[in-house]
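Written out below as structure tokens is the structure these notes cover.
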Amino acid sequence: MRSLQLETALTEFVDAAAQHLRKEIAAGAEVPFELGSQRGRGARGGGTAATQLYCYTALTGAFIAEREADLQRLTAHGHAAGLLEDFDGLDRYLTGAGVEVGRMRGSMRANAALRALLQDVFEEQTDFDVRPERLAAALERLEQSTSASAGETMLVATLHGVAISSPELQLTRGLTIARPEALRGAPEGAIAAGEDGSQDHLLVVLGLDDPDRAQAAPQDALARGRGVLKDLLRALRLFGDGRVTLGALAWTQVTGTAERWSPVALGTGGRPHGMLVVTAEQADELRAFCNLVSRRAPHGNELAWALRRFELGCERESWHEALSDHLMALRALLEPEGPGSGLLAGRLAALCATPEHRVGLTERIVRALALERSVIAGAPVPRAADETLATDVIANHLRALLRDVICGHLDPDLAALADELLLGDEPSGEEVASDPGESREVLDVLV
């Protein structure tokens, strides 16, 4: 698949660079030439020496390199370089262009790639007119560097309940979230409308390239892909208050083969509710958060169990079905003595509210507990006000606690921490759960 966002950015940069270079020529600058020679054919009749022929080769690359500082100040350069820094095939492209990558990092590699692209597009030209066929061929050579290793498994899934401000959002190398219209070559089933007739969804594109498992069965790559998607879904659900889901189907394809996209079942469930909007300013924060959750996800303890109950609640068809899942998770974290102690409401309020607001939050939590008993008893479908109790009071505060413990902002022993607060100890700046309605800055805990 090709990224239309990257292709557009590179095209705009080439056009802007061409305009700048044409102005240089108009102002009197000249492209240098190299004089070469080759032997022509000898004269008829034999015996005479072959004619020495001379030719001139335009040193376009040198002309471009001398003006690289000016080209880097173009607005289009910054945008294209930023996208190229995360381009999966960047090192292979630079190596193929004869660039010694060595210790080049980040922006240096992207700048070198843009310089190589210009030299490819305008090789031996002196007028710097953009010829569409040469630009298309140069972009194709760049794109081919992403699929240099045949046998890579591509996995594409649909993502619901998330909106991004840019056409694409690359989270790590090989893992991208994109709008369907931003990609060329995506499977038709992933682009088509969902079950409800809506096309308001994103695509998750995952490349599974593992040379050590080149002989492994396709099921192994699919299993690894499911694991990556599971980690991503968990991170997105913890990052914001939208109930994010994956589509029931994904599509796989092996690069370098004639295989078509094949549908596979993911085994996920639930319907999206609300919308997690990721702005351009939050992109780096989300990348760091996904990495953090993947590395610090708990295993084999109360926190891991509570996290799983939270995820199960996110997959329920309705909020009143999810209420018990989320309360069970809170009881595991905050009521180790058992529900009979009646301490859940007070401890949750102590962790999630300032002292002056604890009484009010405690009362709302008590009403949510009564709501659960009413739902269990088969009472009529609750009111909108009850939905607020289940989502804003229970689900969102549970999300905030899980997120802050995983990020290291709160001690995992939440019950003991809550009791200290209730006894009157002044909390430090990191001893109260973050507001469940806002995204928490996590970059500081990655070091």
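Values quoted throughout were computed directly from the atomic coordinates according to the rules given, and no laboratory measurement underlies them. All of these numbers come straight from a predicted model, not from anything done at the bench. Reconstructed Cβ throughout: ideal geometry from the backbone, glycine too, with neighbour counts over all protein chains shown.
Taking each residue as 0.36 nm, the span from I191 to D411 lengthens on full extension beyond its C-alpha to C-alpha distance by 74.9 nm. Dipole size of region 246-371 about its Cα centre, with +1 on Lys/Arg Cβ and -1 on Asp/Glu Cβ: approximately 100 debye, rounded to the nearest 20. With a simple spin-label model that places each label point 7 Å from the Cα along the Cα-to-Cβ direction, the separation between T354 and E281 comes to 2.2 nm.
In this label model, E66 and D129 are separated by 2.4 nm, measuring between points 7 Å along each Cα→Cβ vector. Put one equal scatterer on each alpha carbon of region 218-325, apply the Debye formula with no solvent term, and list log10 I(q)/I(0) at q = 0.15 1/Å to two decimals. After summing over all Cα pairs, the log10 values are -0.78.
What's the ranking of 63-70, 117-124, 336-343, 76-83 by average number of surrounding C-beta atoms within 10 Å, highest first?
For the peptides 63-70, 117-124, 336-343, 76-83, the packing ranking is 117-124, 76-83, 63-70, 336-343.
The length gained by stretching the chain between L422 and L4 to full extension, at 0.36 nm per residue less their Cα-Cα distance, is 145.0 nm. For region 308-425, the relative contact order is 31 percent, taking Cα pairs closer than 8 Å that sit 6 or more residues apart in sequence and dividing their mean separation by the residue count.
The residue list G274, L307, L286 was ranked by how far each Cα lies along the charge dipole of region 258-311 toward its positive end, using unit charges on Cβ atoms, and L307 comes out on top. Label-to-label distance, S374 versus S294, with points set 7 angstrom from Cα along the beta-carbon direction: 4.3 nm.
Over the Cα atoms of region 386-427, each weighted equally, I'd like the Debye log10 I(q)/I(0) at q = 0.15, 0.18, 0.30 Å⁻¹, rounded to two decimals. Debye intensities relative to I(0), on a log10 scale: -0.46, -0.62, -0.94. Less than 11 Å from a label point 7 Å out along the Cα-to-Cβ axis of T57: which backbone N atoms in region 114-146 qualify, by residue? Under cut-off, by backbone N: 124.
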